[in-house]
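The values are calculated or read from the model by the stated rules, or taken from the named source; none is laboratory data. Please read all numbers here as calculations on a predicted model, not as lab measurements. Neighbour counts run over all protein chains shown; Cβ positions are idealised from the backbone, glycine included.
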Amino acid sequence: MLELTKKKWLLSIVLLAFVSSFAVAAEMEEAENAEAVVEEMADEVGHFDIDVGHSTIGFAVKHLQVGTTRGSFTDYTGKIAYDPEDLSLFSADVTIQTASIDTKVEARDKHLKSGDFFEVEKYPTITFKSNRLEKRGEGMVLVGDLTIKEVTKTLTVPVTVSGPVNSPFGATVIGLAGQIAINRQDFGVSWSKTMDNGGLVVDDMVDINFEIEAQMK
């Protein structure tokens, strides 16, 4: 009787070990399958570098209440990840060299680089990092963090995404365009003078516009 009990006990241990090993194997297979799906999704996402030669990051601001001064930044880099079938995989990371500001007037550019405006020696870069790209109504919006002079604000920018297309030169290309108005005072770009009629020499509201072309790496 005792011998039979021992045999049953040993058989139970063997069966338990078998079931446990089967469960572990199933869990490992499930984890491997999940990892493979993630890798497959990553392979489907296009990774693009901004083509500065075919892109513009510009701005416009009212001057003396009657005119508009326009300018752009000419030195910047950026990376974009985009899958038109899955917007949740989108990301964008852009760094602008602040000293590259260009309004076509050297004296004005020098003033803009000074402590009255951007303080380029202390704050050499402006950055934008996306949080998400999402459909909203009939269009899309890009939500992300803009940092100027170490002040970060979250912006929601209406955008248009074009492509991807294959160029005649063998590159896969996308386009990204958008526009938004920001208050420069929110970012510490605060120089201003008041006119006799109470208006500002340089308006606080600045229109930011960009047209980006990016090539797949």
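For residues that are small (Gly, Ala, Ser) and either outside any loop (DSSP other than H, G, I, E, B) or modelled with pLDDT of 95 or more (or both), scanning just the stretch 159-178, find the one that is surrounded by the fewest Cβ atoms within 10 Å (Cβ to Cβ).
Applying the filter and picking the extreme gives 162.
Within the stretch 145-165, restricting attention to residues that are hydroxyl-bearing (Ser, Thr, Tyr) and in contact with an Asp or Glu (Cβ under 7 Å, 6 or more places away or on another chain), which residue is nearest to residue 132 (Cα to Cα)?
Among them, the one singled out is 154.
When you check residue 150 against the structure, is it touching a Phe, Trp or Tyr at 6+ places or on another chain (Cβ under 8 Å) and surrounded by fewer than 12 Cβ atoms within 10 Å (Cβ to Cβ), yes or no?
Yes.
If you go through the stretch 174-203 one residue at a time, how many are in contact with a Ser or Thr (Cβ under 7 Å, 6 or more places away or on another chain) and more than 22 Å from residue 135 (Cβ to Cβ)?
3
Only one of 113, 104, 129 is without any contact (Cβ under 8 Å) to a residue 40 or more places away in the chain, under 15 Å from residue 189 (Cβ atoms) and basic (Lys, Arg); which?
Going through 113, 104, 129 in turn, the sole match is 113.
Sort through 88, 72, 130 and tell me the only one that's in a helix (DSSP H, G or I) and either touching a strand residue (DSSP E or B) at 6+ places or on another chain (Cβ under 9 Å) or within 21 Å of residue 181 (Cβ to Cβ) (or both).
88
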